[in-house]
Amino acid sequence: MKITETKLKGCLILEPQIFEDNRGVFFEIFKKKQLENVLGYEVDFVQENTSISKKGVLRGLHFQIGDSAQAKLVSVQKGDVADVIVDIRPNSATFGQHVKVNLSEVNKKSIFIPKGMAHGFVTRTNEATFTYLCDNYYNPKMESGILYNDSDLDIDWGIDPLELIVSDKDLILPSFKELIK
């Protein structure tokens with residue numbers, strides 16, 4: 001497995017070695033020890049979530065605050081998404097910056113997202129099945145987010161804004177400036 005750090009410290013792209021033959025395909029999504037060696041700390045996933053989204057669905061930008069903060073390992077089992085991670089760690093050299101990574105059933109990449117990041121994705125195929133491994137349990141009282149089209153973040157989601165399907169809840173998230181006040 002190849003692990004590459006993005007410009008956001010601790011945010012890693014995992015690319016599996018793919019074994020394919022006449023029976024099908026095999027690959028490892030992650031190896032705990034290999035991931036921990038790169039991170040320099042232990043990760044224990046305690047919850048797995050799956051979302052199935054139609055084309056144009058944008059979920060995000062979400063995160064959990066306080067003791068409920070979550071590190072995540074995300075991947076796509078079916079379809080194709082543009083995945084976006086925003087660094088919201090106040091003392092980080094990349095505070096307020098983001099990375100966008102294509103995740104798909106074809107490239108089989110995963111992303112490790114450390115605590116202190118906001119996360120979202122938009123579905124680019126007719127349907128996408130997206131999986132999250134989380135190192136902390138979801139706490140609805142501690143959920144937060146940033147408006148997906150915040151002008152200060154200037155995220156190019158790679159899809160016509162008129163084709164986006166965004167939940168009412170995500171449409172009223174605060175801006176990045178409102179969040180950091």
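At-a-glance table
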{"quantity": "Per-region count, the stretch 88-100, residues without any contact (Cβ under 8 Å) to a residue 60 or more places away in the chain, farther than 14 Å from Leu179 by Cβ and part of a loop (DSSP other than H, G, I, E, B)", "calculated": "1"}
{"quantity": "So Glu42, is it touching a Lys or Arg at 6+ places or on another chain (Cβ under 7 Å) and either among the charged types (D, E, K, R) or surrounded by fewer than 16 Cβ atoms within 10 Å (Cβ to Cβ) (or both)", "calculated": "no"}
{"quantity": "Candidates Asp21, Asp44 - the one that is among the charged types (D, E, K, R) and at pLDDT 95 or above", "calculated": "Asp44"}
{"quantity": "The stretch 2-41: number of residues that are closer than 19 Å to Tyr132 by Cβ and in a loop (DSSP other than H, G, I, E, B)", "calculated": "10"}
{"quantity": "Subset of the stretch 42-75 (residues that are within 13 Å of the chain's Cα centre (by Cα) and either part of a helix (DSSP H, G or I) or of a type in the set (Val, Ile, Thr) (or both))", "calculated": "Thr50, Val74"}
{"quantity": "Per-region count, the stretch 76-87, residues touching a residue at least 40 places away in the same chain (Cβ under 8 Å) and crowded, with 22+ Cβ neighbours inside 10 Å", "calculated": "6"}
{"quantity": "Qualifying residue in the stretch 105-116 (condition: surrounded by 15 or more Cβ atoms within 10 Å (Cβ to Cβ), among the aliphatic types (A, V, I, L, M) and either part of a strand (DSSP E or B) or touching a Cys at 6+ places or on another chain (Cβ under 9 Å) (or both))", "calculated": "yes"}
{"quantity": "Residue ID - surrounded by the fewest Cβ atoms within 10 Å (Cβ to Cβ), chosen from residues in the stretch 144-170 that are touching a residue at least 24 places away in the same chain (Cβ under 8 Å) and among the aliphatic types (A, V, I, L, M)", "calculated": "Ile165"}
{"quantity": "Pairs with Cβ under 8 Å, 6+ apart, first in the stretch 36-61 and over 25 Å from Ser175 (Cα atoms), second aromatic (Phe, Trp, Tyr) and exposed (fewer than 13 other Cβ atoms within 10 Å of the Cβ)", "calculated": "Val46/Tyr137; Gln47/Tyr137"}
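The values are calculated or read from the model by the stated rules, or taken from the named source; none is laboratory data. All of these numbers come straight from a predicted model, not from anything done at the bench. For neighbour counting, all protein chains shown are included, and Cβ atoms are generated from backbone atoms with ideal geometry for every residue, glycine included.
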